[in-house]
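The values are calculated or read from the model by the stated rules, or taken from the named source; none is laboratory data. All of these numbers come straight from a predicted model, not from anything done at the bench. Neighbour counts run over all protein chains shown; Cβ positions are idealised from the backbone, glycine included.
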Amino acid sequence: MDKIAIKGGKPLSGRIEIAGAKNACLTLMPAALLTDETLELTNAPRLADIETMTKLLVSLGVAVELSEQGRRLALRANALESTLAHYEIVRRMRASILVLGPLLARHGHATVSLPGGCAIGARPVDLHLKGLEAMGADLELKDGYIHAKAPTGLTGATIEFPFVSVGATENLLMAATLAKGVTVLKNAAREPEIVDLARCLRKMGAEIDGDGEDTIEIEGVDRLKGCTHRVLADRIELGTYMIAPAIAGGSVEMVGGKRRLVASLIEKLEEANISVEDTDDGILVSRTNGPVGALDVSTAPYPGFPTDLQAQMMSMLCLADGVSRVEETIFENRFMHAPELLRMGAKIDVQGGTAVVTGVEKLRGAPVMATDLRASVSLILAGLAAEGETFVNRVYHLDRGYEQLEEKLRGCGVDIERIKE
């Protein structure tokens, strides 16, 4: 199993090009199931999760063509061979559940395995299922599969989520585009990826209003057409690399980065004595004067601080001047990186959903174990600032969410290599 070695202690300098958003692309790809015409996605990231979604769609009979080194995807679902999403593929990635709504809306039936993914909490799919039932679907859970039927089609409904769910919002938004009548999603997720999905669906002929707000209204149409759509920049990759010069020092320009995508992170970085400037090509992040300041950070649904940047922020706060508090409100069991950071000399006390981080003068390189995607990259970031050499094991998680990570960091002066084993 591969591992990554980092020799830390050097400030960063250079430019990093931000890839297309994994979470947006994984949502856009199932939208191809809503039409028999071609959906073309540009600026697609080249990641393991994208390959998994491609395999899932191909198993259903979707024709997928890749060009521009995999950055352009052409998907056509004009001759589906199956509406069965097998466990062997779905278990690898939770986003696989997003084929359920489109299959049910267009074809009237679907059988989808309960999904798998990172072990950072239960993350049940009951909000997806309750929403589809409200739209007239007949659902049965049997032998680990969701058996869904809507032989006369879905019907518009008013659905109020008890809590914000990105995945449920995406699934029901897609399903509603072909439902009869009007669907209203209340307490809907507001993430940029939701807005990007809605923009694409509108290009395909959908009638959608309110995306980016907490109430989305969708008027169903008889059919959707194909279109070409550019995937927006990955705000989590952007935020991760913005934290890199903050923890290691130096100055790095994030090419393609947009302030609006990471406003909550920028607020915290500037509070911690990190400079963030807009440039013609993106965002320039610098730490050249003094240590990082201590912070209180609490994760929240967008536009709050992203849970997917919590682990990276904790790594930075390990070297802050003072005591910081990090509260995780989205997923339980998402402090699994904390024990690994302790191996590097950090001082972290986890108390339920809150981690108290007391800044130390320096971190030490050590062998550490990655437990999930964001935890993996948080250990890479810690290694950038640590004295000596850090070995991050089980890095297959990284390939699910970060494209050419070693090359991008190496371009900024980082001594980093992947060791094949």
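Quick notes
- Residues in the stretch 379-421 that are among the aromatic types (Phe, Trp, Tyr) and under 11 Å from LYS3 (Cβ atoms): PHE391, TYR396.
- Residue within the stretch 319-331 that is out of contact with any helix residue (DSSP H, G or I) (no Cβ under 7 Å at 6 or more places or on another chain) and aromatic (Phe, Trp, Tyr) present: no
- Of the residues ILE380, ILE416, ILE330, the single one that is assigned to a helix (DSSP H, G or I) and within 26 Å of GLY20 (Cβ to Cβ) is ILE380.
- Whichever residue in the stretch 381-421 is closer than 22 Å to LYS10 by Cα, touching a helix residue (DSSP H, G or I) at 6+ places or on another chain (Cβ under 7 Å) and β-branched (Val, Ile, Thr) and, among such residues, is surrounded by the most Cβ atoms within 10 Å (Cβ to Cβ): VAL392
- The helices (runs of 4 or more DSSP H) falling completely within the stretch 1-111 that include 2 or more residues that are over 17 Å from the mean Cα position of the chain (by Cα) map to 48-60, 87-90, 100-107.
- Taking (1) surrounded by fewer than 16 Cβ atoms within 10 Å (Cβ to Cβ); (2) in contact with a strand residue (DSSP E or B) (Cβ under 6 Å, 6 or more places away or on another chain) in turn, ALA338 satisfies each apart from (1).
- Just one of the listed residues (THR169, THR177) is surrounded by 24 or more Cβ atoms within 10 Å (Cβ to Cβ), among the β-branched types (Val, Ile, Thr) and more than 20 Å from ASP126 (Cβ to Cβ), and it is THR177.
- Residues located in the stretch 122-139, provided they are touching a strand residue (DSSP E or B) at 6+ places or on another chain (Cβ under 7 Å) and either at pLDDT below 95 or not in a loop (DSSP other than H, G, I, E, B) (or both): LEU129, GLY131, LEU132, GLU133, ALA134, ASP138, LEU139
- GLU40 vs. criteria surrounded by fewer than 15 Cβ atoms within 10 Å (Cβ to Cβ), assigned by TED's automatic domain parsing to the domain that holds ASP143 and not basic (Lys, Arg): no
- Of all residues assigned to the stretch 335-345, at least one qualifies as being assigned by TED's automatic domain parsing to the domain that holds LEU295, among the aliphatic types (A, V, I, L, M) and in contact with a Gly (Cβ under 9 Å, 6 or more places away or on another chain).
- So ALA272, is it among the aliphatic types (A, V, I, L, M), surrounded by fewer than 24 Cβ atoms within 10 Å (Cβ to Cβ) and on the phi < 0 side of the Ramachandran plot: yes
- If you go through the stretch 70-119 and keep only what is in contact (Cβ under 8 Å) with a residue 40 or more places away in the chain, surrounded by fewer than 19 Cβ atoms within 10 Å (Cβ to Cβ) and of a type in the set (S, T, N, Q), you end up with just ASN78.
- The test for being farther than 26 Å from GLU267 by Cβ, assigned by TED's automatic domain parsing to the domain that holds GLY249 and in a loop (DSSP other than H, G, I, E, B) does not hold for GLU407.
- Of the residues making up the stretch 285-306, those that are part of a strand (DSSP E or B), surrounded by fewer than 19 Cβ atoms within 10 Å (Cβ to Cβ) and among the aliphatic types (A, V, I, L, M) number 0.
- Filter result for the condition that a residue is of a type in the set (Gly, Ala, Ser) and modelled with pLDDT of 90 or more, over ALA79, ALA95, ALA119: ALA79
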